[in-house]
Amino acid sequence: MLGRINRLMVLFILFVLLPSEVNAVPLVPVPNINIGVEAANNPKDVALSLQILLTLTVLSLAPSILIMMTSFTRIIVVLSFLRGALATQQMPPNQVLIGLALFLTFFTMSPYLEQVNKQALQPYLAGKITQEAALDEAMKPMRSFMFKQTRENDIALFVNLSEGERPNSTDDIPTATLIPAFVISELKTAFQIGFLIYIPFIVIDMVVASTLMSMGMMMVPPVMISLPFKLLLFILVDGWHLIVRSLITSFN
């Protein structure tokens, strides 16, 4: 009996009290990744480093480019006005509105993105044009879109504020001047559409509020009573169809 206890103690020491290095042997080797900065040995290394830095900068600015140079601004502002007019608080949620705005943006911008792909991206990947030429070719369709949606007085505002030479054509207008003019034009158009969206829902709010006051129901919130009627009106006129169709056709 004593010999059996001794054997159990030996096994316990072997499997439990062994050094941690034995029990910590990994089953799957973990790779060791090192990221360092070293001195460049030739000009090609410097050029490659600058290209990587430029790529990271463009990726970090991609959300701003999407918002400021596409149809996203008008679409998301109009959808936000719609939710405010309905007074449905957070319905639809922000994620749904942003997702819908993104897909509508891709839909409206698809002809211009195809031009960017054919004129700039594919030739650059094939090595037919340089990076600078690819950027210039990529900006041409985007500038064409922005010029179509920008009012002349907005462009004139930023041209005068820049205190530069008077442009003779649209090609002479810098992109840095065109982008802010495009943004404020989009905001103005979105607010105009939002005003038209608010009108029928304000009428419903006024009718409900007047009815409650005439009935002496002063303690009942008019918004609570008018919300079902707003939703009913929006469903009967197929509101989402009208809003999306109006947004898409407003860019033509």
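The values are calculated or read from the model by the stated rules, or taken from the named source; none is laboratory data. On a predicted model such as this, the values are computed, not experimentally measured, just so you know. Cβ atoms come from the backbone with ideal geometry, glycine included; neighbour counts cover every protein chain shown. Ligands, DNA and RNA are excluded from the accessible area calculation, which covers all protein heavy atoms including side chains. Shrake-Rupley method; radii C 1.70, N 1.55, O 1.52, S 1.80 Å.
Yes/no matrix, rows are residues, columns are (1) in contact (Cβ under 8 Å) with a residue 12 or more places away in the chain; (2) within 28 Å of Asp238 (Cα to Cα); (3) touching a helix residue (DSSP H, G or I) at 6+ places or on another chain (Cβ under 8 Å):
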site	(1), (2), (3)
Ser169	no, no, no
Leu178	yes, no, yes
Glu186	yes, yes, yes
Gln192	no, yes, no
Ile199	no, yes, no
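Being closer than 30 Å to His241 by Cα and not acidic (Asp, Glu) holds for only one residue in Ala126, Ala176, Ala101, Ala134, and it is Ala101.
From Phe182, Phe229, grab the single residue that is out of contact with any Pro (no Cβ under 6 Å at 6 or more places or on another chain) and touching a residue at least 40 places away in the same chain (Cβ under 8 Å). Among Phe182, Phe229, only Phe182 is out of contact with any Pro (no Cβ under 6 Å at 6 or more places or on another chain) and touching a residue at least 40 places away in the same chain (Cβ under 8 Å).
Regarding Met68, is this residue farther than 26 Å from Leu227 by Cα, assigned to a helix (DSSP H, G or I), at pLDDT 80 or above and open to solvent by less than 30 Å² (accessible area, probe 1.4 Å)? No; evaluated as a whole, the condition is false for this residue. Residue under question is Phe191, and the condition is that it be at pLDDT 85 or above and assigned to a helix (DSSP H, G or I); does it hold? Spelling it out, Phe191 is indeed at pLDDT 85 or above and assigned to a helix (DSSP H, G or I). Filtered by the rule that a residue be of a type outside the set (Phe, Trp, Tyr), out of contact with any Ser or Thr (no Cβ under 9 Å at 6 or more places or on another chain) and either surrounded by 12 or more Cβ atoms within 10 Å (Cβ to Cβ) or not in a helix (DSSP H, G or I) (or both), the range 231-242 gives Leu233, Val237, Asp238, Gly239, Leu242. Would you check if there is a residue in the range 173-190 being more than 30 Å from Asn252 (Cβ to Cβ) and not aromatic (Phe, Trp, Tyr)? Within the range 173-190 (the criterion being more than 30 Å from Asn252 (Cβ to Cβ) and not aromatic (Phe, Trp, Tyr)), the answer is no, since none of the residues qualifies. Scanning the range 76-99 for residues that are open to solvent by 60 Å² or more (accessible area, probe 1.4 Å) and assigned to a helix (DSSP H, G or I) gives Asn94, Gln95, Val96, Ile98. Scanning the range 131-146 for residues that are open to solvent by 80 Å² or more (accessible area, probe 1.4 Å) and more than 14 Å from Ile65 (Cβ to Cβ) yields Glu132, Asp136, Lys140. Can you tell me how many residues within the range 179-230 are aromatic (Phe, Trp, Tyr) and buried (at least 18 other Cβ atoms within 10 Å of the Cβ)? So the count comes out to 2. Against the definition (modelled with pLDDT of 75 or more, farther than 30 Å from Asp136 by Cβ and out of contact with any Ser or Thr (no Cβ under 8 Å at 6 or more places or on another chain)), how does Thr175 come out, yes or no? Answer is no for this residue.
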